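Let me begin by presenting the structure, written as structure tokens, before commenting on it.
The values are calculated or read from the model by the stated rules, or taken from the named source; none is laboratory data. These numbers come from a predicted model, not from an experiment. For neighbour counting, all protein chains shown are included, and Cβ atoms are generated from backbone atoms with ideal geometry for every residue, glycine included. All accessible areas refer to the heavy atoms of the entire protein, side chains included, with ligands and DNA or RNA removed. Shrake-Rupley method; radii C 1.70, N 1.55, O 1.52, S 1.80 Å.
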Amino acid sequence: MNQARVAVVTGASSGIGKAAAQALATQGWRVIGLGRDPHRTAAAEATIRAAAPGANVTMIRADLSLMSEARRAAEEIISCTDRVDVLLNNAGGVRNRLEMTTEGLESTFASNHLGHFVLTTRLLPLLRAAAAQSQPGATRIVSVSSSGHERCPGLNWDDLQVLRNFTTGGAYTNAKLANILFTRALAKRLTPEGIVAHAMHPGVVDSNFVNHADDAMQKYMATLKDISLTPEVAADTLVWLATAEGPGRTSGGYYHQRAAVASSLAAQDEAAAERLWKESEALVARVLGGTQ
């Protein structure tokens with residue numbers, strides 16, 4: 001009997017993460033979901049199990065804005081599976097003010113990028129284990145970015161977390177650019193091992209995404225209500241990137257509505273992708289004491 005493929009989905013307690021986790025569970029995948037809020041996470045698990053009776057579903061509570069939590073979540077995943085076939089880095093969000101975590105990191109950058117950096121690098125042995133038993137391209141890492149990355153002209157290496165002249169929108173677009181650059185760095189490192197990495201833009205989603213945003217962003221998102229997608233529709237490309245044959249033939253792409261689309265020139269900067277990797281390593285080592 002073939003072993004069920006394993007998908008790890010961050011932000012699986014609501015929105016497109018929950019929709020993707022449910023879709024994969026109904027397709028017979030073993031799903032390990034991460035959620036920040038304990039009540040939403042428990043409710044999501046119940047909903048997924050009801051939609052996919054008999055599915056193998058594990059939910060882990062973790063706040064990925066904290067590097068120690070990201071590391072702990074990775075350790076919990078490692079304790080319950082010996083492989084990860086697909087990692088969907090979906091969790092994220094925007095804040096209504098400059099907010100520093102207890103670890104001294106700007107919350108938007110930490111939750112959208114650095115937490116996934118820790119989780120992904122810690123799970124690489126399990127991704128490599130799956131790749132060793134699979135066809136090239138079947139093992140995948142998909143990161144949810146946004147067309148908002150186009151509004152960031154490039155990462156500022158002297159102020160990577162945009163603490164100076166901070167705006168909530170600027171912090172968000174900066175983090176979404178980091179998602180794509182991280183994807184490029186992963187693709188460069190992992191494609192020779194049969195692991196592909198892609199990023200995607202889900203579109204405007206009718207979810208709780210902007211619940212913690214400032215008034216200006218909430219009002220702006222309200223103007224887009226008529227073109228917003230349900231989480232299930234928005235998650236379609238995410239699930240397709242995880243499961244379809246086509247996306248396994250390339251790596252380092254950026255997708256929207258099941259199609260490869262152009263990212264900004266700043267997002268195509270290979271040197272920036274490599275420097276972001278090194279800067280991320282340094283930030284994480286500062287927090288975790290070099291024991292990430």
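Rolled with a 1.4 Å probe across the full set of protein chains, the surface gives VAL261 an accessible area near 60 Å². A straight chain from ALA4 to GLU270 at 0.36 nm per residue would run longer than the Cα-Cα distance by 92.2 nm. For a test of the definition: using alpha carbon positions, the gyration tensor, and the 1.5 limit on a/c, classify the range 1-132 as rounded, prolate or oblate. Oblate, since a/c reaches 1.5 and b/c is not below a/b. Qualifying trypsin sites (Lys or Arg not before Pro) in the range 253-292, where qualification requires a DSSP coil assignment and no more than 14 other C-beta atoms within 10 Å, comprise ARG258.
Might you tell me the accessible area per residue for the chain, computed with a 1.4 Å probe and given in Å²? Intermediate values should be presented prior to the final figure.
On the way: 12350 Å² over 292 residues.
Using a 1.4 Å probe on heavy atoms only, each residue of the chain averages 42 Å².
For the chain, the residue among LEU283, PRO136, THR120 whose Cα projects farthest onto the positive side of the dipole built from Cβ charges is PRO136. Principal semi-axes of the equivalent ellipsoid, √(5λ) from the alpha carbon gyration tensor of the chain, are 26, 22, 19 Å from largest down. Determine the sum of side-chain charges near ALA7: Lys and Arg each +1, Asp and Glu each -1, restricted to other residues whose C-beta is under 10 angstrom from that of ALA7. Here the count lands on +2.
With the charge dipole of the chain set up from +1 on Lys and Arg Cβ and -1 on Asp and Glu Cβ about the Cα centre, the Cα lying farthest toward the positive end among the listed residues ILE32, TYR254, ALA272 is that of ILE32.
Let me spell out the model: positive unit charges on the Cβ of Lys and Arg, negative unit charges on the Cβ of Asp and Glu, origin at the Cα centre of the range 40-128. What dipole size does that give, in debye rounded to 20?
Values: 10 positive and 10 negative charges, 25 e Å.
I would put it at about 120 debye.
THR26 exposes around 80 Å² of accessible area when a 1.4 Å probe is run over every protein chain in place.
For the range 62-104, taking Cα atoms only, Rg and Dmax work out to 13.2, 40 Å respectively. Among GLU245, GLU69, GLU76, the order of accessible area from largest down is GLU245, GLU76, GLU69, computed with a 1.4 Å probe on protein heavy atoms. Using the Cβ-Cβ distance between ARG258 and GLN27 with R0 = 22 Å, the FRET efficiency computed as 1/(1 + (r/R0)^6) comes to roughly 0.85.
If you put +1 on each Lys and Arg Cβ and -1 on each Asp and Glu Cβ, how big is the dipole of the chain around its Cα centre, in Debye rounded to 20?
Working: 28 positive and 27 negative charges, 78 e Å.
Result for the chain is approximately 380 debye, rounded to the nearest 20.
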